[in-house]
Amino acid sequence: MVFPGPPQVGLSVSVRGLVRRFGQRSIIDRLDLDIRRGEFVALLGASGCGKSTLLRILADLDHEIEGKVFVSPRRGVAFQSPRLFPWKRVWSNVVAGLPRGGKRASANAALEEVGLTHRGDAWPKDLSGGEAQRASLARALVRNPDLLLLDEPFGALDALTRLKAQALVADLWQKHRQAVLLVTHDVEEALLLADRVLVMRNGVVAHEATVELPRPRTAGSAGFNRLRVQLLDWLGVGEWAAEPPKGAILDI
């Protein structure tokens, strides 16, 4: 079951013996996981390995589980699809679900953090993909979360917009230092952003790598490439790691 708080000081997430079945198949199988307060964790794994299922459980959106999940009650969530209400203006989307009182001021403050103050009165249909994703991020931040859950939030963006969104998340994390769990298919994205990168396989965390590279990070350094090769090997594409085939895409 999900408990409304971490079991000990210093943790935002603590999971013990987590099982999530779909029919006879265990997508998550006795998984253990700790995320420290202020830690940025990225989760990699093949499609269908249970990454997004785990995030939905931590977001308290999936309750059909076994085991124990302790998680900070102050959570913000952003998904790959921005999921904005088309009948609400952007600022109203940002504060949807919050108690009444001071909503516009709270929305403006969150929109300012993501560089979207000028679009507060726009309709979602008038936003670009990057703007819509920033509005979704503002909706997560407006709750002042201790834990930020990001489920492939940059996956639908073009390459340039994706780089800008990654830089924005890195800056916001440096400012607020909440715990972050980022689900991604992109090895380089994980290494650019995270303190620790986990590889999920067969329903559990099969491998973890600590990222001790100085920030801000750029791809291409010896330490970056070493970790990249290691993670790609754990993801089953190690033969591509040293020299990818021409035109190959290494998002997993």
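Please treat every number below as a calculation from the coordinates, not as lab data. Remember, predicted model here, so these are calculated numbers, not experimental data. Note: ideal-geometry Cβ built from the backbone for every residue, glycine included; neighbour counts use all protein chains shown.
Computed from the Cβ-Cβ distance with R0 of 22 Å, the FRET efficiency linking Trp87 to Leu61 stands at 0.45. In this structure, the residue pairs whose Cα-Cα separation is over 29 Å, taken from Lys103/Lys175; Lys68/Lys125; Lys51/Lys164; Lys68/Lys175, are Lys68/Lys125; Lys68/Lys175. When the helices of the chain are scored as -39500 (n - 2.57) per DSSP H run of n ≥ 4 and the total is divided over every residue, the value at 222 nm lands at -9000 deg cm²/dmol. Other residues lying with their Cβ under 13 Å from the Cβ of Pro86 contribute a combined charge of +3, Lys and Arg counting +1, Asp and Glu -1. Computed about the Cα centre, the dipole magnitude for the chain is approximately 840 debye when only Lys and Arg (+1) and Asp and Glu (-1) carry charge, each at its Cβ.
In order along the range 20-37, phi translates into HN-Hα couplings of 9, 9, 10, x, 8, 9, 8, 6, 10, 10, 6, 7, 10, 7, 10, 10, 6, 4 Hz, rounded to whole numbers, per the Karplus curve 6.51 cos²θ - 1.76 cosθ + 1.60 with θ = phi - 60° and x for Gly and Pro. Considering only Arg228, Arg36, Arg25, the mean-square fluctuation computed in a Gaussian network model of the chain, springs between alpha carbons under 10 angstrom, is largest for Arg25.
Go ahead and collect, in residue order, the members of the range 145-177 whose backbone nitrogen is under 20 Å from a label point 7 Å along the Cα-Cβ direction of Ala122. Within reach of a label on Ala122, which here means backbone N under 20 Å from a point 7 Å along Cα→Cβ, the range 145-177 contributes 153-169. Averaging sequence separations of C-alpha pairs under 8 Å and six or more residues apart, then dividing by the length of the range 108-227, give the relative contact order as a whole percent. About 18 percent, as a whole number. Going from the fewest other Cβ atoms within 10 Å to the most, the residues Thr184, Thr117, Thr218 appear in the order Thr218, Thr117, Thr184.
Note that the range 200-215 has calculated 3J(HN,Hα) couplings of 9, 8, 6, x, 9, 7, 8, 7, 9, 10, 7, 9, 10, 6, x, 9 Hz, one per residue in order, obtained from phi through the Karplus relation 6.51 cos²θ - 1.76 cosθ + 1.60 (θ = phi - 60°); glycine and proline are x. Across all Cα atoms of the chain, the radius of gyration (one decimal) and Dmax (whole number) stand at 18.3, 56 Å.
Taking amide H as placed 1.01 Å from N in the peptide plane, the amide H of Ile28 sits under 5 Å from that of Arg20, each at least 5 places away or on another chain. Here the contact order of the chain, divided by its residue count and restricted to Cα pairs under 8 Å and six or more residues apart, works out to 24 percent. Using R0 = 41 Å, the C-beta based FRET efficiency linking Asp32 and Ala96 works out to 0.75. Ordered by the count of other Cβ atoms within 10 Å of each Cβ, fewest first, Asp171, Asp146 give Asp171, Asp146. Using only side-chain charges placed at the Cβ, +1 for Lys and Arg and -1 for Asp and Glu, the dipole size of the range 90-215 relative to its Cα centre rounds to 520 debye.
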